[in-house]
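**Student:** First, the structure itself, so that you have it in front of you.
The values are calculated or read from the model by the stated rules, or taken from the named source; none is laboratory data. Just so we're clear, the structure is a prediction, and the values are computed from it rather than from any experiment. Here Cβ is always computed from backbone atoms with ideal geometry, including for glycine, and neighbour counts include all displayed protein chains.
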C-alpha cells in the first residue's frame, strides 16, 4: 500500500522521465531542466524520509518515556494507598488498645466492687446468724 505522498512522487518521476531522451547528455551544462528538477525532487523526498524517520524515532522514545512515567505514577499511587491503609490500621490498633485499657480498668473496678459485696454479704450473714441466735 502506498501513501499519497509516495504516489505523488512516483507520478512526478514518471512525468519527468517521460521528458528525458536516451540521447540526452549527462553533462550538467547540457542536462535538460527536467533532469535537474528530478534531482531536486529526489533530494526533497530523501530529506522528507529522513525527517519522518527522525520523527518516528522521537515518537518511539516518547512512547517509552510515557510508559515509564505511567508506571511510576501508578506505583506512586499504590504506595500512597498502602501508606493510607497503614495509617488506618495504626489508628484502629490505637483505638483497640485504648478500648482494651478501658475494659480492663472496668473489670478491675468490678472485681473490687465484687470483693466489697462479698465482704458485705459475709457481714450480713453473720448479722443474720446472730439475730437468729438471739431470737
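**Student:** List every residue pair whose Cβ atoms lie under 8 Å apart, where the two residues are 6 or more positions apart in sequence or sit on different chains, the first residue falls within segment 71-88 and is at negative phi and in contact (Cβ under 8 Å) with a residue 12 or more places away in the chain, and the second residue, located anywhere, is assigned to a helix (DSSP H, G or I) and surrounded by 10 or more Cβ atoms within 10 Å (Cβ to Cβ).
**Tutor:** none
**Student:** Follow-up question, since we're still on this one. Condition first: over 29 Å from the mean Cα position of the chain (by Cα) and at pLDDT 85 or above. Now tell me which residues in segment 52-97 satisfy that.
**Tutor:** Answer for segment 52-97, where residues must be over 29 Å from the mean Cα position of the chain (by Cα) and at pLDDT 85 or above: 93, 94, 95, 96, 97.
**Student:** Additional query: Sort through 39, 132, 125 and tell me the only one that's in a helix (DSSP H, G or I), exposed (fewer than 10 other Cβ atoms within 10 Å of the Cβ) and without any contact (Cβ under 8 Å) to a residue 40 or more places away in the chain.
**Tutor:** 132
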